[in-house]
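Colleague: Below is one structure. I have some questions about it.
The values are calculated or read from the model by the stated rules, or taken from the named source; none is laboratory data. Note that the structure is a prediction, hence the values are computed from the model and not measured. Reconstructed Cβ throughout: ideal geometry from the backbone, glycine too, with neighbour counts over all protein chains shown. Calculation scope for accessible area: heavy atoms of the full protein, side chains included, ligands and nucleic acids excluded. Shrake-Rupley method; radii C 1.70, N 1.55, O 1.52, S 1.80 Å.
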Amino acid sequence: MTSVATRIDLLTEKPANLPGATPAPSTCSTALGTSPWDFAPTVSAGYGPGASQDDAVPAGSPAQPVIPAEYQQASAEELDRRIAAAKATLGDRVVVLGHFYQRDEVVKHADFLGDSFQLARAARSRPEAEAIVFCGVHFMAETADILSGDHQSVILPNLAAGCSMADMADEDSVEEAWEQLMDVLGETDDDGRQSVIPVTYMNSSAALKAFCGRHGGIVCTSSNAATVLEWAFQRGRRVLFFPDQHLGRNTAKAMGIPLEQMPMWNPRHDLGGSTADQLADAKVILWHGFCSVHRRFTVAQIEQARAEHPDVRVIVHPECPMPVVDAADESGSTDHIRKAVEAAEPGSTFAIGTEINLVNRLADEHPEHTIFCLDPVICPCSTMYRIHPGYLAWVLEELVAGRVINRIAVDAATARDAEVALERMLAALPR
(Lines give C-alpha, C1' and ligand atoms only; values in the text may rest on other atoms or scores of the structure.)
Protein backbone atom coordinates (compact mmCIF):
# COMPACT_ATOMS: atom_id res chain seq x y z
CA MET A 1 0.00 0.00 0.00
CA THR A 2 1.28 3.45 -0.89
CA SER A 3 1.42 5.60 2.24
CA VAL A 4 -0.68 8.72 2.46
CA ALA A 5 2.49 10.79 2.82
CA THR A 6 3.86 9.38 -0.43
CA ARG A 7 0.59 9.99 -2.23
CA ILE A 8 0.57 13.58 -1.03
CA ASP A 9 4.12 14.08 -2.28
CA LEU A 10 2.96 12.85 -5.69
CA LEU A 11 0.41 15.65 -5.88
CA THR A 12 3.11 18.11 -6.81
CA GLU A 13 3.86 15.97 -9.87
CA LYS A 14 0.25 15.71 -11.09
CA PRO A 15 -1.46 18.20 -13.40
CA ALA A 16 -4.25 20.22 -11.87
CA ASN A 17 -6.73 19.02 -14.50
CA LEU A 18 -6.81 15.32 -13.64
CA PRO A 19 -9.04 13.34 -16.06
CA GLY A 20 -12.61 13.46 -14.83
CA ALA A 21 -11.78 15.63 -11.87
CA THR A 22 -14.13 18.42 -10.93
CA PRO A 23 -12.56 21.48 -9.32
CA ALA A 24 -13.25 21.26 -5.60
CA PRO A 25 -14.44 24.28 -3.64
CA SER A 26 -11.32 24.28 -1.47
CA THR A 27 -7.60 23.88 -2.05
CA CYS A 28 -5.97 20.69 -0.87
CA SER A 29 -2.64 21.38 0.76
CA THR A 30 0.33 19.46 -0.62
CA ALA A 31 2.43 20.42 2.41
CA LEU A 32 1.22 17.48 4.50
CA GLY A 33 3.93 15.28 3.03
CA THR A 34 6.55 17.27 4.90
CA SER A 35 7.37 16.69 8.53
CA PRO A 36 4.50 17.80 10.77
CA TRP A 37 6.80 20.05 12.79
CA ASP A 38 7.63 22.17 9.73
CA PHE A 39 4.50 24.32 9.91
CA ALA A 40 4.33 27.67 8.22
CA PRO A 41 4.46 30.50 10.81
CA THR A 42 0.71 31.16 10.58
CA VAL A 43 -0.02 27.51 11.25
CA SER A 44 2.45 26.90 14.06
CA ALA A 45 0.78 29.72 15.98
CA GLY A 46 -2.42 27.68 16.30
CA TYR A 47 -4.16 24.44 15.48
CA GLY A 48 -5.79 25.46 12.17
CA PRO A 49 -6.21 25.16 9.30
CA GLY A 50 -8.01 22.03 8.13
CA ALA A 51 -7.72 20.41 4.73
CA SER A 52 -8.12 23.72 2.98
CA GLN A 53 -5.35 26.27 2.74
CA ASP A 54 -8.11 28.87 2.83
CA ASP A 55 -9.26 27.93 6.34
CA ALA A 56 -8.42 30.65 8.83
CA VAL A 57 -6.59 29.98 12.07
CA PRO A 58 -8.80 31.38 14.86
CA ALA A 59 -7.35 33.80 17.36
CA GLY A 60 -6.43 32.26 20.67
CA SER A 61 -5.85 28.76 19.25
CA PRO A 62 -3.51 26.56 21.31
CA ALA A 63 0.06 26.50 20.05
CA GLN A 64 2.29 23.43 19.79
CA PRO A 65 5.85 23.91 21.05
CA VAL A 66 8.68 22.46 18.99
CA ILE A 67 9.36 18.89 20.12
CA PRO A 68 12.89 17.63 20.83
CA ALA A 69 15.01 16.94 17.77
CA GLU A 70 15.41 13.25 18.62
CA TYR A 71 11.75 12.65 17.80
CA GLN A 72 11.94 14.63 14.60
CA GLN A 73 15.03 12.75 13.43
CA ALA A 74 14.08 9.22 14.51
CA SER A 75 13.19 6.69 11.83
CA ALA A 76 9.71 5.23 11.57
CA GLU A 77 11.03 1.92 12.91
CA GLU A 78 12.66 3.56 15.94
CA LEU A 79 9.53 5.55 16.78
CA ASP A 80 7.45 2.39 16.52
CA ARG A 81 9.74 0.59 18.97
CA ARG A 82 9.81 3.49 21.41
CA ILE A 83 6.02 3.87 21.42
CA ALA A 84 5.55 0.15 22.07
CA ALA A 85 8.18 0.17 24.83
CA ALA A 86 6.66 3.20 26.58
CA LYS A 87 3.19 1.66 26.45
CA ALA A 88 4.53 -1.61 27.88
CA THR A 89 6.22 0.27 30.72
CA LEU A 90 3.11 2.31 31.53
CA GLY A 91 0.74 -0.64 31.30
CA ASP A 92 -2.75 0.09 32.61
CA ARG A 93 -1.67 3.59 33.66
CA VAL A 94 -2.31 4.83 30.12
CA VAL A 95 -4.96 4.25 27.47
CA VAL A 96 -4.52 5.39 23.87
CA LEU A 97 -7.60 6.36 21.86
CA GLY A 98 -7.38 6.58 18.06
CA HIS A 99 -9.85 8.07 15.60
CA PHE A 100 -10.55 6.25 12.32
CA TYR A 101 -8.97 9.15 10.40
CA GLN A 102 -5.57 8.76 12.03
CA ARG A 103 -2.61 7.45 10.03
CA ASP A 104 -1.87 3.71 10.29
CA GLU A 105 1.43 4.26 12.09
CA VAL A 106 -0.56 5.76 14.98
CA VAL A 107 -3.68 3.56 14.80
CA LYS A 108 -1.62 0.40 15.37
CA HIS A 109 -0.85 1.61 18.92
CA ALA A 110 -4.44 2.55 19.85
CA ASP A 111 -6.21 0.58 22.57
CA PHE A 112 -9.52 1.79 21.12
CA LEU A 113 -10.19 2.72 17.50
CA GLY A 114 -13.48 4.37 16.57
CA ASP A 115 -15.54 7.34 15.52
CA SER A 116 -16.28 10.25 17.82
CA PHE A 117 -19.32 8.55 19.41
CA GLN A 118 -17.42 5.33 20.14
CA LEU A 119 -14.38 7.17 21.49
CA ALA A 120 -16.56 9.31 23.76
CA ARG A 121 -17.72 6.07 25.37
CA ALA A 122 -14.20 4.66 25.43
CA ALA A 123 -12.94 7.74 27.28
CA ARG A 124 -14.73 6.62 30.44
CA SER A 125 -14.18 2.88 30.03
CA ARG A 126 -10.75 2.74 31.66
CA PRO A 127 -11.13 4.47 35.05
CA GLU A 128 -7.89 2.85 36.25
CA ALA A 129 -5.83 4.73 33.67
CA GLU A 130 -4.00 7.79 34.96
CA ALA A 131 -3.66 9.25 31.46
CA ILE A 132 -5.76 9.17 28.30
CA VAL A 133 -3.73 9.89 25.19
CA PHE A 134 -6.19 11.00 22.51
CA CYS A 135 -4.97 10.58 18.94
CA GLY A 136 -7.58 12.78 17.36
CA VAL A 137 -8.24 16.51 17.40
CA HIS A 138 -8.75 19.17 20.04
CA PHE A 139 -12.53 18.98 20.51
CA MET A 140 -12.30 15.20 20.97
CA ALA A 141 -9.71 15.56 23.71
CA GLU A 142 -11.92 18.16 25.42
CA THR A 143 -14.82 15.70 25.37
CA ALA A 144 -12.61 12.99 26.85
CA ASP A 145 -11.57 15.33 29.65
CA ILE A 146 -15.22 16.13 30.43
CA LEU A 147 -16.27 12.48 30.52
CA SER A 148 -13.23 11.05 32.30
CA GLY A 149 -12.48 11.05 36.01
CA ASP A 150 -10.91 13.93 37.93
CA HIS A 151 -7.87 11.75 38.60
CA GLN A 152 -7.19 11.30 34.89
CA SER A 153 -5.16 13.53 32.57
CA VAL A 154 -6.15 13.82 28.91
CA ILE A 155 -3.26 14.41 26.53
CA LEU A 156 -3.36 15.58 22.90
CA PRO A 157 -0.01 14.57 21.34
CA ASN A 158 0.04 17.60 19.03
CA LEU A 159 -1.80 20.74 20.12
CA ALA A 160 -1.90 21.85 16.49
CA ALA A 161 -4.48 19.12 15.79
CA GLY A 162 -7.68 21.14 15.66
CA CYS A 163 -10.78 21.23 13.47
CA SER A 164 -11.60 24.06 11.09
CA MET A 165 -15.29 23.12 11.11
CA ALA A 166 -15.43 23.38 14.90
CA ASP A 167 -13.98 26.89 14.61
CA MET A 168 -16.81 28.02 12.31
CA ALA A 169 -19.16 28.37 15.28
CA ASP A 170 -17.70 30.25 18.23
CA GLU A 171 -19.37 30.90 21.57
CA ASP A 172 -19.95 34.62 21.01
CA SER A 173 -21.57 34.09 17.60
CA VAL A 174 -23.87 31.36 18.89
CA GLU A 175 -24.87 33.44 21.93
CA GLU A 176 -25.70 36.36 19.63
CA ALA A 177 -27.74 34.09 17.35
CA TRP A 178 -29.61 32.73 20.35
CA GLU A 179 -30.48 36.20 21.60
CA GLN A 180 -31.86 37.16 18.19
CA LEU A 181 -33.88 33.96 17.95
CA MET A 182 -35.35 34.48 21.41
CA ASP A 183 -36.29 38.06 20.51
CA VAL A 184 -38.13 36.87 17.39
CA LEU A 185 -39.55 33.53 18.54
CA GLY A 186 -39.72 33.77 22.32
CA GLU A 187 -38.48 31.10 24.68
CA THR A 188 -41.56 28.86 24.52
CA ASP A 189 -44.47 28.15 22.18
CA ASP A 190 -48.14 28.30 23.12
CA ASP A 191 -48.03 24.63 24.12
CA GLY A 192 -45.18 25.30 26.56
CA ARG A 193 -42.48 23.57 24.55
CA GLN A 194 -39.18 25.28 23.87
CA SER A 195 -39.28 27.37 20.72
CA VAL A 196 -35.74 26.28 19.81
CA ILE A 197 -33.59 23.34 20.94
CA PRO A 198 -29.84 23.86 20.37
CA VAL A 199 -28.03 20.85 18.89
CA THR A 200 -24.29 20.94 18.43
CA TYR A 201 -22.32 18.43 16.45
CA MET A 202 -19.53 16.71 18.35
CA ASN A 203 -17.16 18.75 16.15
CA SER A 204 -17.45 21.81 18.36
CA SER A 205 -15.76 23.35 21.36
CA ALA A 206 -16.51 22.45 24.96
CA ALA A 207 -17.98 25.93 25.35
CA LEU A 208 -20.65 25.20 22.74
CA LYS A 209 -21.43 21.84 24.29
CA ALA A 210 -21.88 23.71 27.56
CA PHE A 211 -24.17 26.21 25.81
CA CYS A 212 -26.40 23.32 24.77
CA GLY A 213 -26.35 21.91 28.28
CA ARG A 214 -27.54 25.24 29.71
CA HIS A 215 -30.31 25.70 27.14
CA GLY A 216 -31.97 22.30 27.13
CA GLY A 217 -29.95 21.06 24.19
CA ILE A 218 -27.84 18.09 23.23
CA VAL A 219 -24.72 16.98 21.36
CA CYS A 220 -24.88 14.68 18.33
CA THR A 221 -22.45 12.67 16.25
CA SER A 222 -22.84 11.49 12.65
CA SER A 223 -23.79 8.09 14.11
CA ASN A 224 -26.79 9.25 16.13
CA ALA A 225 -27.85 12.52 14.45
CA ALA A 226 -31.29 11.18 13.49
CA THR A 227 -31.94 9.91 17.02
CA VAL A 228 -30.86 13.27 18.43
CA LEU A 229 -33.16 15.26 16.13
CA GLU A 230 -36.08 13.05 17.16
CA TRP A 231 -35.16 13.71 20.79
CA ALA A 232 -35.07 17.45 20.12
CA PHE A 233 -38.43 17.57 18.31
CA GLN A 234 -40.08 15.83 21.26
CA ARG A 235 -39.05 18.81 23.38
CA GLY A 236 -39.17 21.79 21.06
CA ARG A 237 -40.62 23.13 17.84
CA ARG A 238 -37.35 23.92 16.10
CA VAL A 239 -33.68 23.02 16.18
CA LEU A 240 -30.68 25.30 15.87
CA PHE A 241 -28.07 22.93 14.41
CA PHE A 242 -24.38 23.88 14.43
CA PRO A 243 -21.71 23.97 13.17
CA ASP A 244 -22.09 21.58 10.18
CA GLN A 245 -24.89 22.58 7.83
CA HIS A 246 -24.54 19.45 5.68
CA LEU A 247 -25.02 16.88 8.44
CA GLY A 248 -28.01 18.85 9.69
CA ARG A 249 -29.58 19.22 6.25
CA ASN A 250 -29.00 15.63 5.16
CA THR A 251 -30.33 14.19 8.42
CA ALA A 252 -33.41 16.42 8.51
CA LYS A 253 -34.18 15.82 4.83
CA ALA A 254 -34.08 12.05 5.40
CA MET A 255 -36.65 12.58 8.18
CA GLY A 256 -39.01 14.28 5.71
CA ILE A 257 -38.40 17.91 6.61
CA PRO A 258 -38.68 20.11 3.48
CA LEU A 259 -35.74 22.28 2.49
CA GLU A 260 -37.80 25.46 2.74
CA GLN A 261 -38.08 24.78 6.47
CA MET A 262 -34.29 24.63 6.84
CA PRO A 263 -33.01 28.20 6.53
CA MET A 264 -29.31 28.90 6.82
CA TRP A 265 -28.00 31.01 9.69
CA ASN A 266 -25.08 33.15 8.58
CA PRO A 267 -23.67 34.81 11.72
CA ARG A 268 -22.48 37.79 9.66
CA HIS A 269 -26.06 38.88 8.91
CA ASP A 270 -28.93 40.09 11.05
CA LEU A 271 -31.29 37.18 11.82
CA GLY A 272 -28.75 35.01 10.06
CA GLY A 273 -29.87 36.33 6.70
CA SER A 274 -33.48 35.13 7.07
CA THR A 275 -36.71 36.97 7.78
CA ALA A 276 -38.67 36.65 11.01
CA ASP A 277 -41.40 34.76 9.12
CA GLN A 278 -38.89 32.29 7.68
CA LEU A 279 -37.51 31.60 11.14
CA ALA A 280 -40.99 31.19 12.58
CA ASP A 281 -41.80 28.60 9.90
CA ALA A 282 -38.46 26.80 10.27
CA LYS A 283 -37.95 23.31 11.65
CA VAL A 284 -34.14 23.20 11.48
CA ILE A 285 -32.01 26.34 11.42
CA LEU A 286 -28.66 25.39 9.91
CA TRP A 287 -25.39 27.10 10.86
CA HIS A 288 -23.14 28.21 8.03
CA GLY A 289 -20.36 25.67 8.64
CA PHE A 290 -18.81 22.71 6.82
CA CYS A 291 -15.98 20.17 6.72
CA SER A 292 -13.21 21.06 4.28
CA VAL A 293 -12.50 17.40 3.49
CA HIS A 294 -16.09 16.28 2.87
CA ARG A 295 -16.97 19.42 0.93
CA ARG A 296 -14.52 18.28 -1.76
CA PHE A 297 -16.68 15.37 -2.91
CA THR A 298 -18.86 16.03 -5.95
CA VAL A 299 -21.63 14.48 -8.02
CA ALA A 300 -19.24 14.45 -10.99
CA GLN A 301 -16.91 12.15 -9.04
CA ILE A 302 -19.82 9.76 -8.40
CA GLU A 303 -20.79 9.82 -12.07
CA GLN A 304 -17.23 9.00 -13.08
CA ALA A 305 -17.06 6.14 -10.55
CA ARG A 306 -20.28 4.67 -11.96
CA ALA A 307 -19.04 5.03 -15.52
CA GLU A 308 -15.80 3.21 -14.74
CA HIS A 309 -17.34 0.64 -12.36
CA PRO A 310 -20.99 -0.10 -13.29
CA ASP A 311 -21.47 -2.30 -10.22
CA VAL A 312 -19.96 0.20 -7.77
CA ARG A 313 -21.59 0.90 -4.42
CA VAL A 314 -21.12 4.54 -3.48
CA ILE A 315 -21.10 5.39 0.23
CA VAL A 316 -20.43 8.90 1.48
CA HIS A 317 -20.25 10.60 4.84
CA PRO A 318 -23.26 12.79 5.76
CA GLU A 319 -20.94 15.79 6.10
CA CYS A 320 -20.87 15.82 2.28
CA PRO A 321 -23.10 18.34 0.45
CA MET A 322 -26.72 17.26 -0.11
CA PRO A 323 -26.43 16.67 -3.91
CA VAL A 324 -23.54 14.25 -3.23
CA VAL A 325 -25.50 12.39 -0.55
CA ASP A 326 -28.53 12.22 -2.86
CA ALA A 327 -26.44 10.85 -5.72
CA ALA A 328 -24.75 8.19 -3.56
CA ASP A 329 -26.24 4.78 -2.82
CA GLU A 330 -26.10 5.50 0.89
CA SER A 331 -24.54 7.75 3.47
CA GLY A 332 -23.41 7.15 7.00
CA SER A 333 -20.85 7.69 9.72
CA THR A 334 -17.34 6.31 9.57
CA ASP A 335 -18.51 3.32 11.60
CA HIS A 336 -21.43 2.77 9.20
CA ILE A 337 -19.03 2.81 6.25
CA ARG A 338 -16.71 0.33 7.95
CA LYS A 339 -19.54 -2.06 8.79
CA ALA A 340 -20.98 -1.85 5.27
CA VAL A 341 -17.64 -2.92 3.80
CA GLU A 342 -17.22 -5.73 6.32
CA ALA A 343 -20.71 -7.13 5.59
CA ALA A 344 -20.44 -7.00 1.78
CA GLU A 345 -20.17 -10.06 -0.44
CA PRO A 346 -16.60 -10.77 -1.63
CA GLY A 347 -15.82 -9.07 -4.92
CA SER A 348 -17.82 -5.93 -4.14
CA THR A 349 -16.67 -2.56 -5.44
CA PHE A 350 -16.89 0.53 -3.24
CA ALA A 351 -16.36 4.20 -3.98
CA ILE A 352 -16.17 5.95 -0.63
CA GLY A 353 -16.49 9.64 0.11
CA THR A 354 -14.68 10.27 3.35
CA GLU A 355 -11.19 10.89 4.74
CA ILE A 356 -8.46 9.03 2.87
CA ASN A 357 -6.75 7.33 5.83
CA LEU A 358 -9.93 5.38 6.57
CA VAL A 359 -10.50 4.54 2.90
CA ASN A 360 -6.95 3.26 2.47
CA ARG A 361 -7.17 1.21 5.66
CA LEU A 362 -10.41 -0.42 4.52
CA ALA A 363 -8.81 -1.25 1.17
CA ASP A 364 -5.87 -2.84 2.98
CA GLU A 365 -8.05 -4.81 5.38
CA HIS A 366 -10.40 -6.06 2.67
CA PRO A 367 -8.40 -7.22 -0.36
CA GLU A 368 -11.45 -9.25 -1.40
CA HIS A 369 -13.10 -5.97 -2.44
CA THR A 370 -12.19 -3.13 -4.77
CA ILE A 371 -12.21 0.02 -2.61
CA PHE A 372 -11.23 3.50 -3.69
CA CYS A 373 -11.78 7.12 -2.68
CA LEU A 374 -14.18 9.23 -4.74
CA ASP A 375 -11.81 12.19 -4.80
CA PRO A 376 -9.01 11.67 -7.37
CA VAL A 377 -6.88 14.16 -5.42
CA ILE A 378 -5.75 12.74 -2.10
CA CYS A 379 -6.79 15.25 0.55
CA PRO A 380 -6.51 14.09 4.17
CA CYS A 381 -7.73 16.03 7.16
CA SER A 382 -4.52 17.94 7.69
CA THR A 383 -5.07 18.52 11.39
CA MET A 384 -5.77 14.82 12.10
CA TYR A 385 -2.60 14.16 10.13
CA ARG A 386 -0.58 16.18 12.62
CA ILE A 387 -0.64 13.36 15.16
CA HIS A 388 2.67 11.97 13.92
CA PRO A 389 4.30 8.97 15.67
CA GLY A 390 7.01 11.36 16.84
CA TYR A 391 4.48 13.28 18.95
CA LEU A 392 2.96 10.07 20.30
CA ALA A 393 6.39 8.74 21.31
CA TRP A 394 7.21 12.07 22.94
CA VAL A 395 4.14 12.32 25.18
CA LEU A 396 4.32 8.64 26.18
CA GLU A 397 8.00 8.80 27.12
CA GLU A 398 7.33 11.95 29.11
CA LEU A 399 4.66 9.99 31.02
CA VAL A 400 7.23 7.28 31.72
CA ALA A 401 9.47 10.03 33.14
CA GLY A 402 6.60 11.23 35.34
CA ARG A 403 5.73 14.34 33.33
CA VAL A 404 2.33 15.17 31.84
CA ILE A 405 2.62 17.41 28.78
CA ASN A 406 0.05 18.71 26.29
CA ARG A 407 -2.72 18.25 28.80
CA ILE A 408 -6.22 19.29 27.70
CA ALA A 409 -8.23 20.54 30.67
CA VAL A 410 -11.75 22.01 30.51
CA ASP A 411 -12.64 24.38 33.35
CA ALA A 412 -15.10 23.03 35.92
CA ALA A 413 -18.06 25.30 35.07
CA THR A 414 -17.85 24.58 31.33
CA ALA A 415 -17.34 20.88 31.95
CA ARG A 416 -20.40 20.69 34.21
CA ASP A 417 -22.77 22.15 31.62
CA ALA A 418 -21.15 20.33 28.70
CA GLU A 419 -21.47 17.00 30.47
CA VAL A 420 -25.25 17.47 30.65
CA ALA A 421 -25.44 17.72 26.85
CA LEU A 422 -22.94 14.89 26.35
CA GLU A 423 -24.82 12.52 28.66
CA ARG A 424 -27.94 13.16 26.58
CA MET A 425 -25.90 12.31 23.49
CA LEU A 426 -24.62 9.07 24.97
CA ALA A 427 -28.19 8.04 25.82
CA ALA A 428 -29.34 8.73 22.23
CA LEU A 429 -28.13 5.47 20.73
CA PRO A 430 -27.52 5.28 16.97
CA ARG A 431 -30.14 3.39 14.98
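Colleague: With each pseudo-label sitting 7 Å past Cα toward Cβ, what's the Asp270-Gln73 distance in nm, one decimal?
Modeller: So the two model labels end up 6.2 nm from each other.
Colleague: Let me ask you something else. I'd like the distance between the alpha-carbon centres of the stretch 63-124 and the stretch 376-410, rounded to an integer number of Å.
Modeller: Between the Cα centre of the stretch 63-124 and that of the stretch 376-410, the gap is 7 Å.
Colleague: Across the stretch 349-363, in residue order, what do the Karplus-derived ³J(HN,Hα) couplings come to in whole Hz, using 6.51 cos²θ - 1.76 cosθ + 1.60 with θ = phi - 60° and x for Gly and Pro?
Modeller: 10, 10, 10, 10, x, 7, 4, 5, 4, 5, 4, 4, 5, 4, 4
Colleague: Going by a ≥ b ≥ c, the root eigenvalues of the Cα gyration tensor, does the stretch 238-355 fall in the rounded group (a/c under 1.5), the prolate group (a/b larger than b/c) or the oblate group?
Modeller: prolate
Colleague: Are there GluC sites (Glu not before Pro) in the stretch 348-431 that DSSP puts in a loop and that have at most 16 other Cβ atoms within 10 Å, and which ones?
Modeller: When the GluC sites (Glu not before Pro) of the stretch 348-431 are filtered for loop state and at most 16 Cβ neighbours within 10 Å, Glu368 remain.
Colleague: Around Val219, under 14 Å between beta carbons, what's the net of Lys plus Arg minus Asp minus Glu among the other residues? Present the calculation step by step, with values, prior to reporting the outcome.
Modeller: Details: positive: Arg121, Lys209, Arg214, Arg424; negative: Asp115, Glu142, Asp244, Asp417, Glu419, Glu423.
That sum, taken over residues with Cβ under 14 Å, equals -2.
Colleague: Related question: From a point 7 Å beyond the Cα of Arg121 in the direction of its Cβ, which residues of the stretch 388-431 have a backbone N at a distance under 17 Å?
Modeller: The answer is 422-431.
Colleague: Let me ask another. What does the accessible area per residue of the stretch 301-431 come to in Å², with a 1.4 Å probe and no ligands, DNA or RNA counted? Don't skip to the answer; put the middle values down first.
Modeller: Details: 5010 Å² over 131 residues.
Result: 38 Å² of accessible area for each residue.
Colleague: Further question: Given the C-alpha centroids of the stretch 255-295 and the stretch 145-211, what is the distance between them in whole angstrom?
Modeller: A separation of 17 Å, based on Cα centres.
Colleague: Zone of Arg214 (label point 7 Å along Cα→Cβ, backbone N under 12 Å): which residues in the stretch 185-208?
Modeller: Label zone hits: 207-208.
Colleague: Shifting gears a bit: Note down the accessible area of His215, probe 1.4 Å, to the nearest 10 Å².
Modeller: Near enough 50 Å² of accessible area.
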